[in-house]
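Reviewing the structure listed below.
Laboratory data are not the source of any read-out in this text; all were calculated from the coordinates shown. These figures come from a predicted structure and were not determined experimentally. Positions of Cβ are backbone-derived with ideal geometry, glycine not excepted, and every protein chain shown enters the neighbour counts.
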Amino acid sequence: MKLNERNIPMLTRRELMRVGGISLVGGFLNTFRPFNVHAQQKAKTMGTARQVIFINLDGGMSQIDTLDAREGPWTPNYFDIRSFPNGLKMSYGLLKNLTEVLDKITIVRSLGAWDSVHGRAQYYIQTGHPLNLALAKEVPAIGAVVCSELAKERKATDSLPAYIAMNTSGNQAGLINNGFLSAEFGPMSLSVGNNPPNLAPQKGMEETFERRWERLQQLDGALRSGQSGADRSFADYHEYYRGARAIMSDPRVPEIFTITDEDKKRYGASSIGSCLVLARNLLRADAGTRFILASHGGWDHHGAIYQENTRNHPVLVRELDSAYSSLIKDLDSTPSKHSPGKTLLDETLVICMSEFGRTTGAISETRKGREHHIHVHAGMFAGGGMKRGAVIGKTDEAGGQIVDAGWSAKRQIYMEDLACTIYSALGINWTKIVQNTPSGRAFHYVEPASGTKYVGFKPVQEFFA
Amino acid sequence: MRDRAFIKLFLLAFWIAAVVWFGTNALQAQKKTASQKPADREHTDEKLTVARPDKEVSDLTRDVAAKLPHLGTGQQKILIRNLIDQHLFGAMAKDNVPHAPLSNDYEFCRRLYLDLTGRIPTPEQLKTFVNDPAANKRDRLIDELLASQAWVEHWGYWYGDLFRTAANRIGDPAMKHFNAWLRQSLKEDKPYNQLVTEMLTASAPNTIWMPDAAPATFLARWHVPGITMYQDRYEDTADEIIVQTARLFLGITYQCISCHQGAGFLEKVNLDLVSKTRQDFWAMSAFFGKTRVRVITFQDRYTVTDDGTGYDTKAPSSVRLLREGGDVHPTFILTGEKADLRKPLRPQFARLLTQNPQFSRATVNLIWKQFFGLGIVDPVDAFDMARQDPKHPPSAPWTLQPTNAELLDALGRDFAAHGFSLKQLMRTLARSSAYQLSSRFDGEWKESYTPYFARRYVRLLTAEQIHDAISQATQVFGNYNRRDPIYGSALPPVRFWTEAATPEDINNGEAHNFVRTFGQANREQFDRQPGGSILQAMMLMNSPFVTRRVRAEQGSLVEQLVKSAKTSAEIVDELYLATLSRSPLPPEKQLAVSWIEKDRKQGAEDLHWALLNKLDFIFNY
């Protein structure tokens, strides 16, 4: 497949002939719509993961200043770029802890993005679909789809929501919810600062809460227990209260939402540190949560990228470094409850990536930052069947174009491919189509084509061990 | 020689035949794939609920209203007060549909305050209204609230959500001026057609930061960048302007035909748009073909001028399939009227838009939904123009789209006849007996009654309304700091959320955290998300935002009552009036009094907490 100047695969006539068996003749191009050739593949899912932690580096992480390091006159002294196995180059000065877990994870350097605007690209991250405002009300997040597929595995003791999202930015795309799927698969949105949120009764108020709950039931009693009618197609507001109470009175909850000093030291006293401690606790407790979206904001370094102050690149990388490495280590040292001999990491798919990358080479004179870059960016994939210690994809000298995509499709790995990969890892058939959507338009778990070009999306098999 | 020529001729004939054959196949294939199911992909025909806003509203009301204590009913006879009543009660009488009784004064007062000002009445306001013996007190209250500053703030904020005027799209200075202009326009009840015209025709030659360029912020907000943030895509921007303008002011979604023709795609979606094409869409965008929204600083400063040469179908696009064809003549899609190219285009567009009956109908329908809980056409941005005229109904299986087409038409004409006054429209809606019906329904409610608006439909309070209601009910106001977005000087602190122009004006993380849980609109791309969640219940029960306010300290209502000489029974009454805008039922009162007798402070705190967690607090009924 040829790539045009924007590195978007373009379907040549020969490919169309091979693929569709129909010869292109001149002016009929406009009226011809591609057949669904993707349908020829049967979906063979891997089923290696039970749950997902998706770390969303919100803003666009600079790949040449992190996982795919390039040195130049712009590189600050503290970077200390070193070489690692498999041709990997990273800044040891910023990613010291990460280098200790390289043997547990896969680094991907050939991710690509369709959109260069945060809102649309963030929407892609959460849903795996391009933002289409006509359909947006219906389209569920990947997490919601996952949770609806895994709903049949929910246990009676599961009190926590299946999909939890932490620190999602209210701007840009916002937090994408369950779309046309049932509300129980929508994300519970938590705001996690340096301290965890309050899902248990406030400290010292446990007795007060119990008493008040009792009194509320008495006051409302006759009204709350009323039956309304056999066919109820909406969630009764009282159900939310019952669900909230189930969480608040679950004895595991206070522990899950406690961050010890030891945790803080290892994960770092940052919001991403807290998020990942909670993620670990949630999965260890196995109280119903199967998809966790943790957003780490502030990566949009258009200006002063290397400045070492509040929320610029070095600070963010170091935060991520401590938090992510500790998470990987802790997950891998927790034995799995479901597969003897395996660890929690083996059954948890951990993805850490941004919505796009940043420009390469020298930084601008005026703003001293980097701009958005959709052609290539880098991410980390671990657990849930992913290879350990692998590096996939290679970029050119500048770190801005792909030289070797590292997989069979020989092109960037897009969010659609990653959606296929996530579904496959969880044992979900990614080629599913839902016909009975409210609008009547079929909903594809992963759309067969993206935007205006034909691209056959599929799981990145090269990730799987 | 002749053989070679013959062979060439034969090949040519073969080639032509092949072309014709493939061509017709392709056309047929295109028609077929619309209905064909690809055989090899797994299908799930799960039983999902088809979105039916009428059914949702009916179910929710039927369940919730049964759980709400309705204290007596307004025993007055239902009077036919205006055209709304004529049409609705006429239809009910004709089709033998029973209706709810009138709301009582408590219900009506709370509901009207919420719908017009976004706030609940204070006990004083409530008592004054309930005890007023005047026969026309409801009309007087409507007029009083329409003239209030709270009305301006509530609707100024609401229109801010509607126009998606996000401060991080446009920059603080522009937002400040735009919101000031918007609120001033609402305050003086500027005719709506004039307000829309100003927004569509304003220019900002020296950036939208200039106060008198304020209305142009609406257009600048839809700017589409090119490959870098410093490039402009004029045609894409024009497209976005048309999509948003049509959605907001005509209730029609042209998003679909901006990328593909209607035929082969919309047969099950919109009958009118099936016959429309991308060319029709571009012909609308061409009204903004000479308009240039240029970026100076990305998502911060823009200029809006009309110095372009026209809508260029050959221009590249950041967000859509490439266009084709030559010059496009600006043509108004609803009427086919073509623009006079010798005159400025935007004023012509604004006139064609606002003079079209659909402008009035869509506006009326949108506001109707805010008052009645369900649009006459719902969803409000899905108007299908082929299904509006009762004299020319569509063929089966399509049905007429408005649930009461005559009413919508009449209201649209009435709106236009009254100078497109929003206040007059709201007055007409609120004065009708239909609006004043109770949500309680004696007898068996049938879903088929829903289009008749035979009862009041309940809905959750909005995020901002919940915030304000809690603050007011507990008398503990946030008094959030605010700074002038341009000069940085301190502004009066915010007590009620809608005093602020945009959410970003309010400087308090806890408040934002609380409000966001209740589905606040993201002015970027998404409107308000309705519906409940577990987190909402948790917030109401456990968030410091609530638990702090029910404590007997810091001048809260509970503190005032506990420290006063009032009896337990009086405390219960006051808390009910302040929180639920009604008096307690005897069993409620007995129970609550026993708590306060047992421990005055703890009982009062517990009671206030419980009241904030009752259904009738969180619902607008």
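Here the Karplus relation 6.51 cos²θ - 1.76 cosθ + 1.60, evaluated at θ = phi - 60°, turns the backbone of region B:330-340 into coupling constants of x, 9, 7, 5, 6, 10, x, 5, 9, 6, 8 Hz, with x for every Gly and Pro.
For the pair B:Arg52 and A:Ile81, label points projected 7 Å from Cα toward Cβ lie 6.3 nm apart. Neighbour counts of other Cβ atoms within 10 Å put B:Leu79, A:Leu345, B:Leu535 in the fewest-to-most order B:Leu79, B:Leu535, A:Leu345. The relative contact order of chain A comes to 28 percent, based on Cα pairs under 8 Å that sit 6 or more residues apart. Approximating the spin labels as points 7 Å out from Cα along Cα→Cβ, the B:Ala17-to-B:Leu83 distance works out to 6.6 nm.
Remark on A:Ile55: its backbone amide H falls under 5 Å from those of A:Ala294, A:Ile351, A:Cys352, A:Met353, a criterion applied only to residues 5 or more positions apart or on other chains, H modelled at 1.01 Å from N. A crude spin-label estimate for the pair B:Ala490 and A:Lys387, with each label 7 Å from Cα along the Cβ direction, gives 6.2 nm.
Strictly greater than 23 Å: what percent of every Cα pair in region B:90-220 meets that? Before the final figure, lay out each step's value.
Working: 4290 of 8515 pairs.
Pairs farther apart than 23 Å: 50 percent.
Distances between placed amide hydrogens fall under 5 Å for B:Ile296 paired with B:Arg301, B:Tyr302, B:Thr303, all partners being 5 or more residues away or on another chain. Compared with the dominant principal axis of the Cα atoms in chain B, helix B:422-431 is inclined by about 50°.
Express the relative contact order of chain B as a whole percentage, based on alpha carbon pairs under 8 Å and six or more residues apart in sequence. About 18 percent, as a whole number. Over 30 Å between C-alpha atoms is what I'm after, so list which of A:Lys155/B:Lys598; A:Lys44/A:Lys387; B:Lys94/B:Lys614; B:Lys187/B:Lys369; A:Lys89/A:Lys432 land there. Long pairs (Cα-Cα over 30 Å): A:Lys155/B:Lys598; B:Lys94/B:Lys614; A:Lys89/A:Lys432. When Rg and Dmax are taken over the Cα atoms of region B:353-487, they come to 19.0, 61 Å. Sequence-ordered 3J(HN,Hα) estimates for region A:79-92 from the Karplus curve with 6.51, -1.76 and 1.60 and θ = phi - 60° stand at 5, 6, 6, 10, 9, 10, x, 6, x, 7, 10, 9, 7, 5 Hz, glycine and proline given as x.
Among residues other than A:Ala200 with Cβ under 11 Å from its Cβ, the summed charge is -1 (Lys and Arg +1, Asp and Glu -1).
Find out how many positive minus negative residues lie around A:Ser116, taking Lys and Arg as positive, Asp and Glu as negative, among other residues whose Cβ is under 10 Å from that of A:Ser116.
On the way: positive: A:Arg120; negative: A:Asp115, A:Glu355, A:Glu371.
Its environment carries a net charge of -2.
For region A:368-434, applying the loop criterion from DSSP together with a ceiling of 11 other beta carbons within 10 Å to the GluC sites (Glu not before Pro) yields A:Glu397. Going from the fewest other Cβ atoms within 10 Å to the most, the residues A:Ile164, A:Ile328 appear in the order A:Ile164, A:Ile328. Residues of region B:280-304 with the amide nitrogen closer than 15 Å to a label point 7 Å from the Cα of B:Glu337, along Cα-to-Cβ, please. Of the residues in region B:280-304, B:284, B:287 have backbone N under 15 Å from the label point off B:Glu337. Mean per-residue shielding of peptide B:535-547 is 6, counting Cβ atoms of other chains within 10 Å of each Cβ.
Overall, the ratio between the Cα radius of gyration of chain B and 2.2 N^0.38 Å, rounded to two decimals, is 1.12.
Which value, to two decimals, describes the C-alpha radius of gyration of the protein assembly as shown once divided by 2.2 N^0.38 Å? Don't skip to the end; give the middle numbers.
Numbers: Rg = 30.5 Å, N = 1086, 2.2 N^0.38 = 31.3 Å.
Output field value: 0.97.
Tell me, what is the FRET efficiency for B:Asp327 and B:Ile227 to the nearest 0.05, using R0 = 22 angstrom and their Cβ-Cβ distance as r? The value I calculate is 0.30.
Annotation: aspartates and glutamates with alpha-carbon distance below 15 angstrom to A:Lys329 (same-chain offsets under eight excluded): A:Glu100, A:Asp103, A:Glu262, A:Asp263, A:Asp321, A:Asp346, A:Glu347.
Holding the Cα-Cα limit at 32 Å, pick out from A:Lys137/A:Lys410; B:Lys314/B:Lys338; A:Lys410/B:Lys290; B:Lys446/B:Lys589 the pairs that are longer than that. Violating the 32 Å Cα-Cα cut-off are A:Lys137/A:Lys410; A:Lys410/B:Lys290; B:Lys446/B:Lys589. Here the dipole of region A:93-209 is about 260 debye; that uses its Cα centre as origin and unit charges on the Cβ of Lys and Arg (positive) and Asp and Glu (negative). Considering only B:Tyr576, B:Asn365, B:Leu611, and ranking their Cα positions along the charge dipole of chain B that arises from unit charges at the beta-carbon of Lys, Arg, Asp and Glu, the one farthest toward the positive end is B:Asn365.
Basic side chains Lys and Arg get +1 at the Cβ, acidic Asp and Glu get -1 at the Cβ, and with that the dipole of the protein assembly as shown about its Cα centre reaches some 1840 debye. Within a straight-line Cα-Cα reach of under 16 Å, B:Lys566 can be paired with the following aspartates and glutamates, leaving aside sequence neighbours fewer than 8 residues apart in one chain: B:Glu574, B:Glu597, B:Asp599, B:Glu605. On the basis of the beta-carbon distance and an R0 of 30 Å, B:Arg600 and B:Thr122 show a calculated FRET efficiency of 0.80.
So what is the calculated 222 nm ellipticity per residue for chain B, using -39500 (n - 2.57) for each DSSP H run with n of 4 or more, over all residues, to the nearest 500 deg cm²/dmol?
Values: 26 runs with 296 residues, N = 621.
Calculated from helices alone, the mean residue ellipticity at 222 nm is -14500 deg cm²/dmol.
Counting neighbouring beta carbons within 10 Å and listing from fewest to most, the residues B:Asp272, A:Asp417, B:Asp139 come out as B:Asp139, B:Asp272, A:Asp417. The C-alpha atoms of chain A occupy a region whose extents along the principal axes are 74, 58, 48 Å, arranged from largest to smallest.
Averaging 1/r across all pairs of distinct Cα atoms in region B:191-237 and inverting the result yields a Kirkwood radius of 11.6 Å.
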